[in-house]
Amino acid sequence: MGRSYSRQAEIDHIRFFPAHPGNRAVFMVEARSRKEMRQVRELFDMVGQLAEVVPISHGTVMSYAVQVQGDTSLFGKIEWLLKTQFTFSVVERSFSDVTFRLIRSLCEESNTPVEELPECGICATVDPFPTRATVDLKSQEEPLHLAYCTRCTARFAEEDEQVLIRELVRRDRLRLRVAADAPVMLMPEIIEERPEWESDAVAITG
Ligand SMILES: [Zn+2]
């Protein structure tokens, strides 16, 4: 990353976007034509109505990270759709750095561009669904965009979310100096719960 901020850089305020850890899976599909690429994309656009979807690569290797809250039967349905419609597909029900390394190497071999995914500011693990924060410094206009993986967030978990996010930012490799009373703004959920009728309208059920 190479970014480094002096410990003296004074924080004006921290905006905290809590993560909502759920069950996760990564899907990889080999798309052999433009038509197949489009079909895969359309399928995951649909999945995006029911779950959080983060595209990882788009090309010969199509891959997506998906997170659901609660019921994981959606994963089985996606897996079935992929297996019946495409020649080669893989699902990883719990993913790690190894998964992302595998995707990257498959993408390299097939010249598929890979999206840049959020990296944990503490341990550098890739996490498509991180806890996020933006930090406004008094000395610069552009805020810093920070992300923390599920594991680090759990490790420093606190009753008080303000204490948690200050601690995460304090441990960030940027080495920011975070005062115990640095103002924290808790941001509303980015992911909205979808009403039942909306999910019913999607053909992926059944
Ligand atoms: Zn981490």
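The values are calculated or read from the model by the stated rules, or taken from the named source; none is laboratory data. Since the model is a prediction, treat every value here as computed from it, not as a measurement. Glycine gets a Cβ as well: all are built from the backbone with ideal geometry, and neighbour counts include every protein chain shown.
Numbers for the structure displayed
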| read-out | value |
| --- | --- |
| Subset tally (residues that are surrounded by fewer than 13 Cβ atoms within 10 Å (Cβ to Cβ) and of a type in the set (V, I, T)) for the range 61-85 | 1 |
| Selected residue (only one of T72, T84 is at pLDDT below 95 and among the β-branched types (V, I, T)) | T72 |
| Near pairs, Cβ below 7 angstrom, 6+ apart or cross-chain, from the range 125-139 (acidic (D, E)) to any residue that is within 13 Å of the ligand (Cβ to nearest atom) | D127/P118; D127/C120; D127/A147; D127/C149; D127/T150 |
| Which numbered condition E42 fails, given (1) outside any loop (DSSP other than H, G, I, E, B); (2) over 12 Å from the mean Cα position of the chain (by Cα); (3) within 14 Å of P113 (Cα to Cα) | (3) |
| Options M62, M37: the member that is touching a helix residue (DSSP H, G or I) at 6+ places or on another chain (Cβ under 7 Å) and of a type outside the set (V, I, T) | M62 |
| Meets criteria (crowded, with 19+ Cβ neighbours inside 10 Å and touching a Phe, Trp or Tyr at 6+ places or on another chain (Cβ under 6 Å)) for F44 | yes |
